[in-house]
Structures are given as C-alpha cells and as structure tokens.
Amino acid sequence: MTELVTPQDIAHRTSAAVDAAVGAGRDLGLTVTDAKVLHDLFSVVVHLAPSPVVVRVPTVLPGYVCLDSQARRQQTELDVTRWLADHGTPVIPPSPLVPLEPVQRDGFSMTFWQFVEERRDKEPDYVANSEITADLHAAMRAYPGRLSFLSAAEPQFIAESLALLEKRPDLIGPADLDRARREWQVLEPLVRSRTAFEKAFPGIDLQPVHGDSPPANIFGGVDGDLYADFELVTAGPRRVGPGRSRARPRIRLQPRRAAQWHTAVERGSAALRERRGDAAGHRLPHARAATAFVGGVFAAGRRPMADDAVRRRQDRMTSARDGQ
C-alpha cells in the first residue's frame, strides 16, 4: 500500500522547510522578519518578507533523487532563467540579492527568486497559456548552455511507478497496466538515449525546452504573465507540449484539449489528497511532467514521422519476441 502521509506529517514538513528557508536567507544577509508561505503543495514557497525574495523548497520528490542530483538540476534552472531574463523573456528571475546557486540546509536544497506580486482575481487561462508556449521555446532556442537529453521524461520514475502499480489494482486494471508496460517498453529506449532517438526520428530538431507542461507553469503577475518553474528544463524536440505561436501559426497542437487535460490533472491531484490522505496525490506532479513530456515528444497519430518510427520499433520487438 502507498505510504500514508498525515496532516501532522505535512505540517511538520512545511515548518521544517520554512525554518530552513529563513535560516538560509539570513545566512546570506537577507532581512527576514515576517516570512510567509505562499504555496505548499509539491514545494514550500516562502516569501522572506520584507526582503523581495522568494525561496522555493522542493519537498515532494521521487525516492531516487538525492541532494546532489537535485542541486545540479536547480543550478541548470537558475542558469537558464537568468539567461532568459537577461535576453528579455518574461520569466520570474532568480534573485539578484544572493549568489546564483542552490543552497542546501537541513536536508533541503532550495533556490532563491525575485518576489513578484501575484494577480489573484483571475483563474489560469490554459488556452491562452498554450498559445504562448511556442514563443517561450523560440526564445530558449539560442540558449548556449549544456542540457541533459529528455531528462524531463523521468524514465526511472515511470519504470518504478509501473512496478508499484502491480500492487494497486484499485488504481488500474491488469489490462491497462499491461498495455502501459508494452508501450513504455517501446518508448523507454528512445527517451534514455539521444542516439536511439535520433535514429528513430531522423531530422527532428533538438533544442532547450521547458520540460514541465509550460501552460500549467505560467505565473499571473500583476504586471503581466511570466514563465516559471523551469525545474525540468532539458534538451528535446522544440514542439514538445501543447501550444502555438502567433508568429508561427503552423504549429497547431490543440491548446483547448491541453487546457482540459491540465485542469483535470490539477483537480485529480487535489481529489486524491483529500480522499486518500496518502502519497498518491503527491506523486502526481512527476507523473504529469513525465506523461506530458513523453506524449508531447511522440504525439502518435498526429505526427506521421513519430507514429511510423514507433510502429516500426514495436513491430521489430514483436517479431523478435515471436521468434524466441
């Protein structure tokens, strides 16, 4: 069974994350007298008031993530967002008041960001957000830094989750689980190896991409929308994820369907946490990122090249299995 997470556990985790953020901020010379929790779900987000600094402390992570691997991803996120901000892309930038690097304290690894006032009188517009996703990827195209290949697909997370689902027939039936395994057997080698991907999809252009459902990670600031949460930034196909650009109207990946999906995932996550009180709902952000990324990469049935390449690989695997 899934490990239970009680309200007391969550409260303790939040308190520990806040204490770590406040202590780290003060160690860096920031004045902190009225720290406020702005968000507490998969990360604890703390405004170090009165300083114009926000600390994001990830608290819900896959078991295989260690502080060092987390810090490497966070450093990449800081580097990418600093570069985007310096080049005029509307992002929530790293705080200029502290060094551009993650900070580790009390078992947490955290990042420091510029405080931006949120517009709270309007619900997220995922259709509009999908429309501007391609603009973000166009801006990211020239980023000169080195990025991991398709790391946002989280292949280890998917493999471990499929194994865990064997013990949870209440969540998924055997037939659906078997289908998921067979399809993942086809896709996994392609997201783990750039060489295998490029062989399967010759001519597909790879570049820096957001990696984590960009339409669901646009912050509504009082002075305008800002791209945010680049924790899973990676190198991948530039058309990953839903969206189209006014400058390039040929990109049409049905943002309205994407909006419906994002809304359903957010509601499902909240429902799981309310009904079960366990870790199932807290695993959902990584599942969302991984499935959205893999789905965006391959988009079978909508992009003939991807569809044909996957089908050819599946046919080869079927032939090899039948010949055993």
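The values are calculated or read from the model by the stated rules, or taken from the named source; none is laboratory data. Given the structure is predicted, the values throughout are model-derived calculations rather than measurements. All Cβ positions, even for glycine, are placed from backbone atoms using ideal geometry, and neighbour counts span all protein chains on display.
Could you list, in sequence order, all residues of segment 83-93 that are surrounded by 15 or more Cβ atoms within 10 Å (Cβ to Cβ) and within 19 Å of residue 223 (Cα to Cα)?
Just the residues of segment 83-93 that are surrounded by 15 or more Cβ atoms within 10 Å (Cβ to Cβ), to begin with: 83-85, 89-93.
Selection gives 84, 85, 89, 90, 91, 92, 93.
Could you pull out the residue among 71, 16 that is part of a helix (DSSP H, G or I) and under 30 Å from residue 141 (Cβ atoms)? Can you show your working first?
Numbers: 16 fails: under 30 Å from residue 141 (Cβ atoms).
Step by step, each of 71, 16 is checked, and only 71 is part of a helix (DSSP H, G or I) and under 30 Å from residue 141 (Cβ atoms).
In this structure, is residue 24 buried (at least 16 other Cβ atoms within 10 Å of the Cβ), under 19 Å from residue 115 (Cα atoms), in contact (Cβ under 8 Å) with a residue 12 or more places away in the chain and touching a helix residue (DSSP H, G or I) at 6+ places or on another chain (Cβ under 6 Å)? Even if it seems obvious, please write down each step before you answer.
On the way: buried (at least 16 other Cβ atoms within 10 Å of the Cβ): yes; under 19 Å from residue 115 (Cα atoms): yes; in contact (Cβ under 8 Å) with a residue 12 or more places away in the chain: yes; touching a helix residue (DSSP H, G or I) at 6+ places or on another chain (Cβ under 6 Å): no.
No; evaluated as a whole, the condition is false for this residue.
Within segment 18-34, does at least one residue satisfy the condition of being under 21 Å from the mean Cα position of the chain (by Cα) and modelled with pLDDT of 95 or more? Let's see the steps before the verdict.
So in segment 18-34, the residues under 21 Å from the mean Cα position of the chain (by Cα) come out as none.
Scanning segment 18-34, I find no residue that is under 21 Å from the mean Cα position of the chain (by Cα) and modelled with pLDDT of 95 or more, so the answer is no.
What number of residues within segment 45-60 are in contact (Cβ under 8 Å) with a residue 60 or more places away in the chain, in a strand (DSSP E or B) and closer than 16 Å to residue 106 by Cα?
Adding up the residues that qualify gives 1.
Can you report the number of residues in segment 94-114 which are surrounded by fewer than 20 Cβ atoms within 10 Å (Cβ to Cβ), in contact (Cβ under 8 Å) with a residue 40 or more places away in the chain and over 21 Å from the mean Cα position of the chain (by Cα)?
5
Among the residues of segment 210-230, write down those that are over 17 Å from residue 78 (Cβ atoms) and either touching a strand residue (DSSP E or B) at 6+ places or on another chain (Cβ under 8 Å) or outside the structural domain of residue 132 (by TED's automatic domain parsing) (or both). Break it down stepwise before answering.
Step one: of segment 210-230, the residues over 17 Å from residue 78 (Cβ atoms) are 213-216, 218, 220-225.
Within segment 210-230, 214, 218, 220, 221, 222, 225 meet the criteria.
Would you call residue 34 of a type in the set (Asp, Glu) and not in a helix (DSSP H, G or I)?
Numbers: of a type in the set (Asp, Glu): yes; not in a helix (DSSP H, G or I): yes.
Considered against the rule, which asks whether it is of a type in the set (Asp, Glu) and not in a helix (DSSP H, G or I), residue 34 comes out as yes.
Please pick out the residue among 77, 118 that is closer than 15 Å to residue 228 by Cβ, charged (D, E, K, R) and touching an Asp or Glu at 6+ places or on another chain (Cβ under 7 Å). I'd like the intermediate steps shown before the answer.
Numbers: 118 fails: touching an Asp or Glu at 6+ places or on another chain (Cβ under 7 Å).
Just a single option satisfies the conditions, and that option is 77.
Answer yes or no: is there a residue in segment 88-111 that is modelled with pLDDT under 95 and either among the β-branched types (Val, Ile, Thr) or in a helix (DSSP H, G or I) (or both).
From segment 88-111, those modelled with pLDDT under 95 are none; that's our starting set.
Among the residues of segment 88-111, not one is modelled with pLDDT under 95 and either among the β-branched types (Val, Ile, Thr) or in a helix (DSSP H, G or I) (or both), which makes the answer no.
For segment 130-247, which helices (runs of 4 or more DSSP H) that fit wholly inside it have 1 or more residues that are under 26 Å from residue 110 (Cα atoms)? Outline the logic, then answer.
On the way: elements: 133-140, 155-165, 174-192, 194-200.
Ranges flagged: 133-140, 155-165.
Hey, among the residues in segment 153-197 that are within 25 Å of residue 69 (Cβ to Cβ) and among the acidic types (Asp, Glu), which one's surrounded by the most Cβ atoms within 10 Å (Cβ to Cβ)? Spell out how you get there, then give the answer.
Filtering segment 153-197 down to residues within 25 Å of residue 69 (Cβ to Cβ) leaves 153-165, 184, 187-197.
In the following step, the residues that additionally are among the acidic types (Asp, Glu) were identified as 154, 160, 188.
Values: 154: 24, 160: 14, 188: 17.
Ranking the candidates gives 154 first.
So that you can scan it fast, the table gives a plain yes or no per residue for (1) out of contact with any Leu (no Cβ under 7 Å at 6 or more places or on another chain); (2) under 30 Å from residue 128 (Cα atoms):
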| residue | (1), (2) |
| --- | --- |
| 167 | yes, no |
| 175 | yes, no |
| 226 | yes, yes |
| 237 | no, yes |
